[in-house]
Structure formats: C-alpha cells, structure tokens
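The values are calculated or read from the model by the stated rules, or taken from the named source; none is laboratory data. Since we're looking at a predicted model, the values are computed, not measured. Backbone-built Cβ (ideal geometry, glycine too); neighbour counts: all protein chains shown.
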Amino acid sequence: MWKHLSQLFGRKPAYRPGPSPRPRLILTQPCLQALCVCLEPEIRRSHEGVAYLLGQTDGTVTLAVAAVRPEAVTSPGSFAVSAPAMAKVVRTATRAGLQVVAQVHTHPGGAYHSDGDVEGARIVYRGFVSAVFPDYGRRLPALDGAAIYMFRSEGGFVEVSPERASVVPGRLT
C-alpha cells in the first residue's frame, strides 16, 4: 500500500517544455506595397529608410497588414525617429486596433542586425520583428537578402529563416 501511495503522491518528474516554435513573419501584399511607398523617398536619395509595420502577433507568428512612415531624420548611414514621432506611430496603430509589430529599415550594403539596431529598438516585446533590407531597399518588393529577426524573451532577437518569411497575396486561388 505504501508503494502505491508514494507513486501517487511522490515526486513527479520536472516539467520540461519542448522546443520553442520557430518564429514566422507574414506580410500581406498590400502591406508590402505600402512598405515600398514608405521607403521610396529614401531609396531615391540613397539614404537609410525606416518604416513600421502594423498588425498582430501571438509571440511566434507575426502578421503585418499595414505600413507607416514615421517622421524621421535620415542620412546615407543612419536614421533617427524621435519619441514624439514614435508616439504618432503608436497612436495610429491603436486607432486601427492593431499593434506596432515591426520596425523595418534599410542599410546601404548588406543586411544585418547591427549593435545599434538592437540598442535603438524603441519597441521590444515577444513577437516584435526587426527587419533590415540591403541596398537601401532597392530589391523591394522582393524579400531576398533581407535580415529578419524576432524578439523572443528567452533569447533576445533571433533570426527568422528566409523560408519562414512570406507574403500573402490579396487574392488566393
């Protein structure tokens, strides 16, 4: 009897969660088109550009449905968004019932997440995406060459593999 009671009420193995689901970014086609429009002035000037994507995230899958161009100071090698300009972006998202789910910016050469990109992230929460496009964004609307990262509370920003970033057309057949 003691053996049965100890099996019922004794120490149980510790819970060990399985691996975290792999992060995924989904953009709607209209969102991608709006992103191109947002970045176009800086692409023409060969400046780094910046935009924010609005949508929803569950912390693993981030869906972007709209793009917002903030007021920003840009140069060939940097961009800066003031706190009041960022507040306007947040208000725009809130009025639409959405979240600010991503910061997108461009680099003059290759795309990578620099130390400054990590330190300068104004919004950071689980599921928030930071995407960097190469060649000042001139390859857009193609996503090739982009460096895409998602914030995961347990590991900071982690890379989203290229096959886990996709564009959904407005009409599916």
Exercise. Is it the case that R91 is more than 26 Å from R44 (Cα to Cα) and out of contact with any strand residue (DSSP E or B) (no Cβ under 8 Å at 6 or more places or on another chain)?
Worked result: yes
For this session: Please enumerate the residues belonging to the range 88-110 that are exposed (fewer than 12 other Cβ atoms within 10 Å of the Cβ) and free of Cβ contacts under 8 Å to residues at least 12 places away in the same chain.
Result: R91, R95, G97
Exercise. When the range 60-85 is examined, which residues are found to be surrounded by fewer than 22 Cβ atoms within 10 Å (Cβ to Cβ), part of a strand (DSSP E or B) and touching a residue at least 24 places away in the same chain (Cβ under 8 Å)?
Worked result: V61, L63, V65, A66, V68, T74, S75, S78, F79
For this session: May I ask you to say which residue of R164, R122 is touching a helix residue (DSSP H, G or I) at 6+ places or on another chain (Cβ under 7 Å), surrounded by 13 or more Cβ atoms within 10 Å (Cβ to Cβ), basic (K, R) and modelled with pLDDT under 95?
Result: R122
Exercise. What do you reckon, is A93 part of a strand (DSSP E or B) and at pLDDT 95 or above?
Worked result: no
Problem set entry | Subset of the range 19-59 (residues that are exposed (fewer than 14 other Cβ atoms within 10 Å of the Cβ) and in a helix (DSSP H, G or I)) | Q29, V37, P41, R44, R45
Exercise. For residues in the range 125-161 being part of a loop (DSSP other than H, G, I, E, B) and under 25 Å from K88 (Cβ atoms), which is modelled with the lowest pLDDT?
Worked result: Y125
